[in-house]
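As structure tokens, the structure follows; a few thoughts come after it.
The values are calculated or read from the model by the stated rules, or taken from the named source; none is laboratory data. This structure is a prediction, so every number in the text was calculated from the model and none was measured. FYI the Cβ positions are ideal-geometry reconstructions off the backbone, even for glycines, and counts take in every protein chain you see. Heavy atoms of the whole protein, side chains included, go into the accessibility calculation; ligands, DNA and RNA do not. Shrake-Rupley method; radii C 1.70, N 1.55, O 1.52, S 1.80 Å.
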Amino acid sequence: IVNSPSDGFPRGVATAVGIFSIAPPSALDGMIIDTDDTNVFVNTSRNFSVRGYDRYFNPIDIGQNDIHWSVSGVAGNFKGNTFYPSSVGTGKIKATVNGVTSELEISVLSSPVQLQLNKKQIQLPLNGSQVFTVSGKNKNGYHAYINPSDVSWTVKGNIGKFSNDTFIATNQGT
């Protein structure tokens with residue numbers, strides 16, 4: 001404290017309001033589908049997850065193996081919670097658990113014509129690492145995040161290596 005409070009001590013200042021549910025937990029009543037980006041390029045992939053809630057909006061844990069995934073409006077298939085679109089257009093991803101469903105609209109974009117890394121230049125210590133993300137733009141100017149598992153990562157020169165989307169500096173150089 002740099003001043004002298006008039007009361008001789010600092011006053012408490014309320015800066016937040018807490019709201020707590022006292023409702024008892026109940027059965028699954030609804031779900032929210034989450035993903036990194038609702039735009040996805042054709043012939044790539046997009047991971048989805050689900051958050052469940054009961055009738056009082058208490059969170060409900062949902063096992064990934066309990067979810068039945070489906071899609072309408074576009075062609076594609078699911079492997080686990082990962083969607084692989086094979087046609088362009090607008091569609092809906094649907095998750096079903098014990099008769100409770102949720103839907104999320106997605107746009108499957110034509111193939112990217114431009115890619116962009118999140119970093120243009122990096123400086124790392126020896127054995128340092130940097131995570132990269134890639135986004136793309138299609139011929140119509142629409143953007144989407146690209147799943148790192150859909151990217152072929154390479155390094156020119158003997159300066160390091162990639163492990164999935166993470167570059168590891170193993171030697172000095174440029």
In region 89-100, is there at least one residue being open to solvent by less than 20 Å² (accessible area, probe 1.4 Å), assigned to a strand (DSSP E or B) and free of Cβ contacts under 8 Å to residues at least 60 places away in the same chain?
yes
Applying the selection to region 61-82, what residues are open to solvent by less than 40 Å² (accessible area, probe 1.4 Å), touching a strand residue (DSSP E or B) at 6+ places or on another chain (Cβ under 6 Å) and either closer than 30 Å to residue 23 by Cα or among the aromatic types (Phe, Trp, Tyr) (or both)?
62, 67, 69
Does residue 106 satisfy the condition of being out of contact with any His (no Cβ under 8 Å at 6 or more places or on another chain) and closer than 22 Å to residue 69 by Cα?
yes
Looking only at residues in region 134-143 that are in a strand (DSSP E or B) and free of Cβ contacts under 8 Å to residues at least 40 places away in the same chain, which one is most open to solvent (accessible area, probe 1.4 Å)?
137
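Would you check which residues across region 35-70 are aromatic (Phe, Trp, Tyr), at pLDDT 95 or above and in contact with a Pro (Cβ under 8 Å, 6 or more places away or on another chain) and list them? Walk me through how you get there before you give the answer.
First, the residues of region 35-70 that are aromatic (Phe, Trp, Tyr): 41, 48, 53, 56-57, 69.
Now restrict to residues that are at pLDDT 95 or above: 41, 48, 53, 69.
Those that are aromatic (Phe, Trp, Tyr), at pLDDT 95 or above and in contact with a Pro (Cβ under 8 Å, 6 or more places away or on another chain): 41, 53.
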Provide a single number: the residues in region 1-49 that are assigned to a loop (DSSP other than H, G, I, E, B), open to solvent by 40 Å² or more (accessible area, probe 1.4 Å), acidic (Asp, Glu) and within 30 Å of residue 110 (Cβ to Cβ).
1
For the list (1) farther than 16 Å from residue 105 by Cα; (2) over 15 Å from the mean Cα position of the chain (by Cα), I need the number of the one condition that residue 77 fails.
(1)
Take the residues of region 144-174 that are within 15 Å of the chain's Cα centre (by Cα) and touching a residue at least 24 places away in the same chain (Cβ under 8 Å): which is most open to solvent (accessible area, probe 1.4 Å)?
149
Contacts under 8 angstrom Cβ, first residue in region 1-24 being within 20 Å of residue 55 (Cα to Cα), partner at pLDDT 85 or above and open to solvent by 100 Å² or more (accessible area, probe 1.4 Å), 6 or more apart:
21/57
